[in-house]
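Engineer: Structure below; questions to follow.
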Amino acid sequence: MLEAQPEQTGATPVVWGDPPKWLPPTLHALGYKGYLLLWLGQVTNSLALWMDMVARPALVLAMTGSAVQLGLIALVRGAPMLALAPFAGLLADRVDRRMLILISKTLGFFTYAILAVVILMGNVELWHVYTTAIVRGVTAAFDQPARQALLPNLVPTRLLMNAIALNTGSMQLTRILSASVAGFAIAFWAVFLGVEGNDTRSFGGVYILATIAGLIAVVVSYMLKVPLAAKVSRTEASWFGSFTDGLKFVAKNPVVLGVLILMNVQSFFGLSYTQVFLPWLALEVMHIGPQGMGLLIGTAGLGSLVGAVAIATIGERLRRRGPIIIVGLTVYGLALVGLGLTSLLPPMAVLGAAVPVLPIVMTMLVGAGQTSIVTIKNAVLMEETPNDLRGRVFSIQSLDRGFSTLGAGAAGFLIAAVTGPIALAVYGLACVVGAVTVGVTLPKLRKVD
């Protein structure tokens with residue numbers, strides 16, 4: 001069966017063939033070369049990104065032993081993404097998105113390569129770590145809006161949900177694997193060089209791997225070809241006018257506005273559970289140690305992967321997506337409440353070992369809900385936004401990283417004030433209140449099929 005998909009007024013409709021019959025339905029989006037290359041570029045880029053996010057803090061600690069420096073390196077990396085998101089979105093709606101992705105990934109590759117060289121030479125200094133962190137943050141800020149704006153043009157509309165779910169699930173799997181790969185690479189390279197684990201040269205191996213992954217991302221991004229309908233229209237509007245046009249579109253479209261509000265509610269109150277709450281509950285409330293903390297975080301990742309696979313398999317057959325988003329965030333919030341409260345219960349004996357069974361179940365539900373909700377919201381956002389505005393709209397969506405950072409910071413103060421379990425329950429209830437409020441005040445979102 002062929003499907004004509006006009007993506008842009010005046011452009012020749014794209015005629016899509018069916019995916020190969022040997023591909024299982026869960027992987028159907030990978031049957032389209034453009035999406036496959038975009039997906040491969042993102043997977044390899046994310047592998048390098050997450051290895052760096054594991055290795056860089058450890059490198060800073062090895063160099064300084066300072067918690068202050070540890071916090072600062074996270075700040076200088078995240079600040080460019082928050083500050084440059086609006087400009088990155090404007091650029092994604094004015095220039096060749098493929099070229100923007102390629103430039104971003106190329107600069108990322110050189111960043112990893114330069115850091116690998118100075119580490120291997122034994123000449124790494126703190127300013128090297130900070131400078132490359134800033135550059136990497138800048139490149140990531142420009143990559144995300146362009147990549148998300150381009151994705152809907154690379155698969156048939158009926159496979160958009162499948163494509164987004166595959167992308168989300170792959171990122172979760174990459175996130176889980178990269179931590180193990182980075183840790184193994186650091187330990188192996190220290191043994192290979194015959195140095196102590198806190199010797200900065202032991203970090204050379206992980207950045208060699210990051211450089212290789214970054215190079216693969218550059219190559220597949222270069223190979224990417226996009227249909228004519230994916231090109232953005234030339235505009236004579238000013239930069240400020242284009243920016244305000246994006247804001248006006250969001251304000252006038254209740255579905256887009258509702259999705260963006262719910263995304264940021266979930267980011268502020270929901271995403272800090274892995275950064276703050278799980279470590280605190282595991283170490284200070286349940287007293288199950290670092291191994292138990294790793295178990296809970298791994299369970300969250302497994303739940304996220306299961307949720308992504310489920311959505312990818314259902315794909316275009318999923319209906320009533322508006323109500324699912326609202327109800328899903330409500331259930332997600334209740335699962336956070338359950339996670340907080342069940343952490344107060346004594347662990348259960350399983351094969352002679354004390355296991356926090358109920359918190360594990362709640363953590364898996366939270367992980368599955370997180371990925372499922374984000375996947376459906378992204379699909380609705382892409383469908384409701386015209387091609388020429390997607391960069392600006394997704395630059396607003398990419399602010400969720402900043403909101404999650406703010407939420408994590410506020411969580412620390414709330415834990416100090418009311419204890420960890422109660423603080424997480426409060427955050428969960430805030431998700432519930434946000435979902436219900438948006439559902440009541442924006443009825444058009446409830447009607448999205």
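The values are calculated or read from the model by the stated rules, or taken from the named source; none is laboratory data. Keep in mind that this is a model prediction, so the values were computed, not measured. Ideal geometry is used to build each Cβ from the backbone, glycine not excepted, and the neighbour counts take in all protein chains shown.
Engineer: Give just the number: which of (1) closer than 23 Å to Ala113 by Cα; (2) among the β-branched types (Val, Ile, Thr); (3) out of contact with any Pro (no Cβ under 6 Å at 6 or more places or on another chain) does Thr168 not satisfy?
Structural biologist: (1)
Yes or no, residue by residue, for (1) crowded, with 23+ Cβ neighbours inside 10 Å; (2) at pLDDT 85 or above:
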site: Ile134; (1), (2): no, yes
site: Gly169; (1), (2): no, no
site: Thr200; (1), (2): no, no
site: Gly205; (1), (2): yes, yes
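So that you can scan it fast, the table gives a plain yes or no per residue for (1) of a type outside the set (Ser, Thr, Tyr); (2) under 22 Å from the mean Cα position of the chain (by Cα); (3) part of a helix (DSSP H, G or I); (4) over 20 Å from Leu429 (Cβ atoms):
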| residue | (1), (2), (3), (4) |
| --- | --- |
| Gly328 | yes, yes, yes, no |
| Val331 | yes, yes, yes, no |
| Gly338 | yes, no, yes, no |
| Pro346 | yes, no, no, yes |
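Yes/no per residue for (1) under 26 Å from Leu442 (Cα atoms); (2) at pLDDT below 75; (3) under 21 Å from the mean Cα position of the chain (by Cα); (4) not polar (S, T, N, Q):
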| position | (1), (2), (3), (4) |
| --- | --- |
| Thr274 | no, yes, yes, no |
| Phe277 | no, no, yes, yes |
| Trp280 | no, no, no, yes |
| Pro290 | no, yes, no, yes |
| Ile297 | no, yes, yes, yes |
| Leu305 | no, no, yes, yes |
| Thr313 | no, no, yes, no |
| Arg320 | yes, no, no, yes |
| Ile324 | yes, no, yes, yes |
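Engineer: Here is a follow-up. Where residues in the stretch 346-359 are surrounded by fewer than 21 Cβ atoms within 10 Å (Cβ to Cβ) and within 26 Å of Gly328 (Cβ to Cβ), which of them is modelled with the lowest pLDDT?
Structural biologist: Going through the stretch 346-359, the residues surrounded by fewer than 21 Cβ atoms within 10 Å (Cβ to Cβ) turn out to be 346-355, 357-358.
Adding the requirement that they be within 26 Å of Gly328 (Cβ to Cβ) leaves 357-358.
Details: Val357: 81, Leu358: 87.
Selected residue: Val357.
Engineer: Look through Leu90, Leu100 and report the one residue that is farther than 13 Å from Thr132 by Cα, modelled with pLDDT of 85 or more, out of contact with any Asp or Glu (no Cβ under 6 Å at 6 or more places or on another chain) and among the aliphatic types (A, V, I, L, M). Steps first, answer last, please.
Structural biologist: Details: Leu90 fails: modelled with pLDDT of 85 or more.
Checking each option against the conditions leaves just Leu100.
Engineer: Going residue by residue through the stretch 427-437, is there one that turns out to be surrounded by fewer than 19 Cβ atoms within 10 Å (Cβ to Cβ) and either over 30 Å from Ala379 (Cα atoms) or not assigned by TED's automatic domain parsing to the domain that holds Gln266 (or both)?
Structural biologist: no
Engineer: For residues that are assigned to a helix (DSSP H, G or I), in contact with a Leu (Cβ under 9 Å, 6 or more places away or on another chain) and in contact (Cβ under 8 Å) with a residue 40 or more places away in the chain, scanning just the stretch 14-32, find the one that is nearest to Leu318 (Cα to Cα). Show your work before the answer.
Structural biologist: Start the filter on the stretch 14-32 by keeping residues that are assigned to a helix (DSSP H, G or I), which leaves 25-31.
Subset that is in contact with a Leu (Cβ under 9 Å, 6 or more places away or on another chain): 26-31.
Right, trim to in contact (Cβ under 8 Å) with a residue 40 or more places away in the chain and you get 26-30.
Working: Thr26: 13, Leu27: 16, His28: 15, Ala29: 16, Leu30: 19 Å.
Checking each candidate, the answer is Thr26.
Engineer: While we're here: Out of curiosity, is Ala237 more than 30 Å from Leu442 (Cα to Cα), at pLDDT 75 or above and more than 26 Å from the chain's Cα centre (by Cα)? Before you say what the answer is, go through the steps one by one.
Structural biologist: Values: more than 30 Å from Leu442 (Cα to Cα): yes; at pLDDT 75 or above: no; more than 26 Å from the chain's Cα centre (by Cα): yes.
Against the criterion (more than 30 Å from Leu442 (Cα to Cα), at pLDDT 75 or above and more than 26 Å from the chain's Cα centre (by Cα)), Ala237 does not qualify.
Engineer: Let me ask another. Looking only at the stretch 250-264, decide whether some residue is crowded, with 18+ Cβ neighbours inside 10 Å and either over 24 Å from Leu442 (Cα atoms) or at pLDDT below 80 (or both).
Structural biologist: yes
Engineer: While we're here: Only one residue in Phe142, Phe109 is modelled with pLDDT of 90 or more, buried (at least 22 other Cβ atoms within 10 Å of the Cβ) and of a type outside the set (Ser, Thr, Tyr), so which one is that?
Structural biologist: On the way: Phe142 fails: modelled with pLDDT of 90 or more.
Within the list Phe142, Phe109, the selection yields Phe109.
Engineer: In contact with a Gly (Cβ under 8 Å, 6 or more places away or on another chain), in a helix (DSSP H, G or I) and more than 21 Å from Thr371 (Cα to Cα): is that true of Thr132 in this structure? Outline the logic, then answer.
Structural biologist: Numbers: in contact with a Gly (Cβ under 8 Å, 6 or more places away or on another chain): no; in a helix (DSSP H, G or I): yes; more than 21 Å from Thr371 (Cα to Cα): yes.
No; evaluated as a whole, the condition is false for this residue.
Engineer: Return yes when Pro152 is within 15 Å of the chain's Cα centre (by Cα), under 26 Å from Gly369 (Cα atoms) and either assigned to a helix (DSSP H, G or I) or in the same structural domain as Gly89 (by TED's automatic domain parsing) (or both) and no when it is not.
Structural biologist: On the way: within 15 Å of the chain's Cα centre (by Cα): no; under 26 Å from Gly369 (Cα atoms): yes; either assigned to a helix (DSSP H, G or I) or in the same structural domain as Gly89 (by TED's automatic domain parsing) (or both): yes.
The answer is no for Pro152.
Engineer: Go through the residues of the stretch 212-222 one by one and say whether even a single one is within 22 Å of Gln397 (Cα to Cα) and either among the aliphatic types (A, V, I, L, M) or at pLDDT 85 or above (or both). Let's see the steps before the verdict.
Structural biologist: Taking the stretch 212-222 first, the residues within 22 Å of Gln397 (Cα to Cα) are none.
No; the residues of the stretch 212-222 include none that is within 22 Å of Gln397 (Cα to Cα) and either among the aliphatic types (A, V, I, L, M) or at pLDDT 85 or above (or both).
Engineer: Here is a follow-up. Check whether at least one residue in the stretch 376-386 is modelled with pLDDT under 85, of a type in the set (Asp, Glu) and more than 22 Å from Leu262 (Cα to Cα), and report yes or no. Spell out how you get there, then give the answer.
Structural biologist: Keep residues of the stretch 376-386 that are modelled with pLDDT under 85, which gives 376-386.
Filter once more, so that each one left must be of a type in the set (Asp, Glu): 383-384.
Restricting the remaining residues to those that are more than 22 Å from Leu262 (Cα to Cα) gives none.
Within the stretch 376-386 (the criterion being modelled with pLDDT under 85, of a type in the set (Asp, Glu) and more than 22 Å from Leu262 (Cα to Cα)), the answer is no, since none of the residues qualifies.
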